[in-house]
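Here the structure comes first, spelled out in structure tokens, and everything after it is commentary.
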Amino acid sequence: MADLDQFRLEVRQWLEDNCPASQRLPITREEQVWAGKNKQFPSDDAKLWFERMRDKGWTVPEWPSELGGGGLDERQAKVLKEEMKALGCRTPLFDLGIWMLGPAVLEFGNDEQKQEHIPKIARGDVRWCQGYSEPGAGSDLASLQTRAEDMGDHFLVNGSKIWTTNADKADWIFCLVRTDPDAKKQEGISFLLIDMDDPGVTTTPIELISGESEFCQTFFDNVKVPKANLIGELNKGWSVAKALLKHERKLMSEIGGDTPGPSFGPVQAALEYVGTDGNGKLKDAALRDQLVRHEMAYRAIGLTHFRTFEERMSGQADSNVPLIMKYVGTEEGKRKEELLLALLGHQALGWDGDGFNEDEKLTTRGWLFSKALSIAGGTSEVQLNIIAKRVLGLPQQ
Amino acid sequence: MALVLNEEQRLLKDTAKDFLSENMPVEALRTLRDSDDPTGYSQQQWQQMCELGWASIVLPEEYDGLDFGFMGLGAIIEESGRTLAASPLLSTVVLGASAILLGGNEEQKSSLLPKVASGELTLALALEEGHHHAPLDTAMAAEAHDGGFRLNGNKSFVVDGHSADKLVVVARTSGTAGSADGLSLFLVDGDANGLTRQRRKMVDSRGAAALSFDNVDVSADALIGELGQAWPVLEAVLDRGRVCLAAEMLGGALECFERTVEYLKERDQFGVKIGSFQALQHRASLMYIELELAKSVLFDAFSAIDDKRADLPQLASLAKARMNDVFELVTNEAVQMHGGIGVTDELEIGFFLKRSRVATQLLGHSGFHRDRYASLCGY
């Protein structure tokens, strides 16, 4: 524990010395630094902060240092996260490679694949996107049809992937493809990495109810993919996919994080837009009850995050508890957006133009965007199915 | 913050589980009910619990306690909730002893607490006067009289109030109902002149009494703490009680839930196990989620007591409000998912349903605690 306290002091000192003041302010969507061949920096400070963190390996604190990571253990990484949060330090680099693909390559990839991909992700040289769902394969992901035919020295890929977030900006895509059409659903699937610049790959954005177009559809038309891009064994991609989905769900269950939203939380919004009476109570009793229910739920969820961490650390891990976090995080996240909408009243109903400030417009758009949270990464209904089957052991039909 | 049990606490929990399932299963509560037991719990079993150290577990060593902390007591109480074990743990060890420990002078502590630890003395907190938990609304009067105090008024819903050796009575020595100033705590003998105690038959078959004070005189040394300044002590006592009661409710809810899931795996209808129906699976999963969140809240609430944290009031309200809601959900679903047999007296699920609603009203319903939490958070 003393070592960890010492480490905390060192981290705090380093962050204070190295994180520019401008990089300690709340981040907007435009200010996020995403990985990629043509990285854009919103400011010199953002570039400086990114480079310092990259050189320290702290864009990916828990990855091995010989592959460009920080080499920290889980406790140290948590300390770094806490200290960054305490100082308000921005996340220096955003990428699906960091959150999802990297951990899967580290677990399932061979040495050449680790050497090839991990350092590039750590340095932010490549932007990754995900190719899982298809127009005919959503919750029933294993029914996916995109074909990868074995042509001897390469695979020939045909088909399309949907909800490929930011595919129009990505350099590479990690995909689930069918390599054995005759096998049972889950058993004929492989995990393949594809260069978006390869001939035959095209992408079109999809406009959402929030007005954004982060999600895309990506088409593959006779795309040649080298055999070296297969991660894990042939036809064993489903286990890679499941491990990776766990990372996605963990990510989606984490409250707050760096998701750009209004600069106020529900309590602040309530005080500002509803106001209090002479006793300091929110003027609207129904809204006050809605607010306190949400705040109490968030506290319970936050404590459960801590509990799963402590259980892991003390070797009493109940592997079932993390299964609930995607559901509770996204469902309560949606309730928070509904609450903000109710608290702001008319001011959360603007779409564009005058009469609504930036925070108000972000509230409106954030509310609409939040509807995707309980669909992406496994719908809430699928999460409840998983709990019923894996945790409660209820019989399947 | 500790959100897991340590080795010693886990051992204690296992011991409690073994003792309770062997000696005080739900069937024991049924027997107490059907035999019209005047006390509402078995005195013999209470002595056994005291021999196991449960009455002394949170008391300091100087008063013959084990100084083991509330996290450990909470583990025991959670297990007692699983079998609906009737005992004066809450009334005596948590509420009564805390009032003396937190508010009393050295003389009161050294004369009374060792007796609590040994099981010689039972206590009850006489607080409520209206239809809902409302400590500030206390109106019962205590007036200076003959060098001591004279108490007049009525108390209701006093847990174990009919059987306790001594009562800790919340009364008003100044101010008006609704005000935190002017509340005082008094120790009153259970057989004091002018005190009438009537046991009320409650739906959960546990003990609760209505008390009537008609010129009950106590001496000056019956006062616990400062005259008119009892509010902070009372709040701390109540918060300990709320957290411990929430732990009992968690145990009851977990037991009820697990029995229901087992039933879903056994019961055949339409040629299949009813647990294979998605309509029931999702409802079961939702209960599991609520229970897991509740466990985390309870752990932190017990840490807040043991670490003397300033945010204990928030955690106590968070824990009590959540367990009120979750126990209601789980008991209602348990009855519904058991179908017809769920509404029979033969099935033990009904005992959990009944205990749930009594425990909800005890020390504050959910609305009370949400209002309190919001106020504590500045809105």
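The values are calculated or read from the model by the stated rules, or taken from the named source; none is laboratory data. None of these values were measured; they are calculated from a predicted model. FYI the Cβ positions are ideal-geometry reconstructions off the backbone, even for glycines, and counts take in every protein chain you see. These area figures cover heavy atoms from the full protein model, side chains too; ligands, DNA and RNA do not enter into them. Shrake-Rupley method; radii C 1.70, N 1.55, O 1.52, S 1.80 Å.
Key figures
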item: Near pairs, Cβ below 7 angstrom, 6+ apart or cross-chain, from the stretch B:122-142 (without any contact (Cβ under 8 Å) to a residue 40 or more places away in the chain) to any residue that is polar (S, T, N, Q); result: B:GLU128/B:SER156; B:GLU129/B:THR138; B:GLU129/B:ASN154; B:GLU129/B:SER156; B:ALA141/B:ASN152
item: Inter-residue pairs, beta-carbon under 7 Å, first acidic (Asp, Glu) and in the stretch A:351-370, second outside any helix (DSSP H, G or I), 6+ apart; result: A:ASP359/A:PRO262; A:ASP359/A:SER263; A:ASP359/A:PHE264; A:GLU360/A:GLY350
item: Members of the stretch A:80-126 found to be crowded, with 23+ Cβ neighbours inside 10 Å and charged (D, E, K, R), listed by number; result: A:ARG90, A:ASP95
item: Output for the stretch A:275-290, where each listed residue is in a helix (DSSP H, G or I) and more than 7 Å from chain B (Cβ to nearest Cβ); result: A:ALA285, A:ALA286, A:LEU287, A:GLN290
item: Selection within the stretch A:127-148 - open to solvent by 30 Å² or more (accessible area, probe 1.4 Å) and either touching a residue at least 12 places away in the same chain (Cβ under 8 Å) or under 17 Å from A:LYS242 (Cβ atoms) (or both); result: A:PRO135, A:GLY138, A:SER139, A:ASP140, A:GLN145, A:ARG147
item: Of the criteria (1) open to solvent by 70 Å² or more (accessible area, probe 1.4 Å); (2) without any contact (Cβ under 8 Å) to a residue 40 or more places away in the chain, which one A:ASP284 fails; result: (1)
item: Every residue from the stretch A:314-333 that is part of a helix (DSSP H, G or I) and open to solvent by less than 40 Å² (accessible area, probe 1.4 Å); result: A:LEU323, A:ILE324, A:MET325, A:LYS326, A:TYR327, A:VAL328, A:GLY329, A:THR330, A:GLU331, A:GLU332, A:GLY333
item: Yes/no for B:THR39 being open to solvent by 70 Å² or more (accessible area, probe 1.4 Å) and either of a type in the set (Ser, Thr, Tyr) or touching a Pro at 6+ places or on another chain (Cβ under 9 Å) (or both); result: no
item: From the options B:VAL216, B:VAL237, residue that is more than 13 Å from chain A (Cβ to nearest Cβ), of a type in the set (A, V, I, L, M), touching a Leu at 6+ places or on another chain (Cβ under 8 Å) and within 30 Å of B:PHE68 (Cβ to Cβ); result: B:VAL237
item: Of residues in the stretch A:225-247 being among the basic types (Lys, Arg) and surrounded by 15 or more Cβ atoms within 10 Å (Cβ to Cβ), the one modelled with the lowest pLDDT; result: A:LYS246
item: Failed criterion for B:SER375 (all others in (1) under 24 Å from A:ALA286 (Cβ atoms); (2) of a type outside the set (A, V, I, L, M); (3) more than 13 Å from chain A (Cβ to nearest Cβ) hold); result: (3)
item: Members of the stretch A:356-388 that are of a type in the set (S, T, N, Q), crowded, with 17+ Cβ neighbours inside 10 Å and either within 14 Å of chain B (Cβ to nearest Cβ) or touching a Lys or Arg at 6+ places or on another chain (Cβ under 7 Å) (or both); result: A:SER370, A:SER374, A:SER380, A:GLN383, A:ASN385
item: Filter result for B:ALA246 (touching a helix residue (DSSP H, G or I) at 6+ places or on another chain (Cβ under 7 Å), within 9 Å of another protein chain (Cβ to nearest Cβ) and under 30 Å from B:PRO88 (Cβ atoms)); result: no
item: Members of the stretch A:261-274 that are in a helix (DSSP H, G or I), closer than 22 Å to A:LEU368 by Cα and of a type in the set (A, V, I, L, M, F, W, C); result: A:VAL267, A:ALA269, A:ALA270
item: Contacts under 8 angstrom Cβ, first residue in the stretch B:6-25 being of a type in the set (D, E, K, R) and surrounded by fewer than 20 Cβ atoms within 10 Å (Cβ to Cβ), partner modelled with pLDDT of 95 or more and assigned to a helix (DSSP H, G or I), 6 or more apart; result: B:GLU8/B:GLY72; B:ARG10/B:ALA75; B:LYS13/B:ALA75; B:LYS13/B:ILE76; B:LYS13/B:GLU78; B:LYS13/B:GLU79; B:LYS17/B:GLU79; B:LYS17/B:ARG82
item: Residues being touching a helix residue (DSSP H, G or I) at 6+ places or on another chain (Cβ under 9 Å) and facing another protein chain (nearest Cβ under 7 Å) - total across the stretch A:311-328; result: 5
item: Matching entry among B:ILE77, B:ILE57, B:ILE100 (being open to solvent by less than 20 Å² (accessible area, probe 1.4 Å) and not in a helix (DSSP H, G or I)); result: B:ILE57
item: Residue in the stretch B:202-215 that is part of a helix (DSSP H, G or I) and over 30 Å from A:PHE306 (Cβ atoms) present; result: no
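Residues are listed down the side, and each one gets a yes or a no for (1) more than 12 Å from every other protein chain (Cβ to nearest Cβ); (2) crowded, with 24+ Cβ neighbours inside 10 Å:
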| site | (1), (2) |
| --- | --- |
| B:ARG242 | yes, yes |
| B:ASP268 | no, no |
| B:PHE277 | no, no |
| B:LEU291 | no, no |
| B:LYS295 | no, no |
| B:LEU298 | no, yes |
| B:SER303 | no, no |
| B:ASP307 | yes, no |
| B:ALA319 | no, yes |
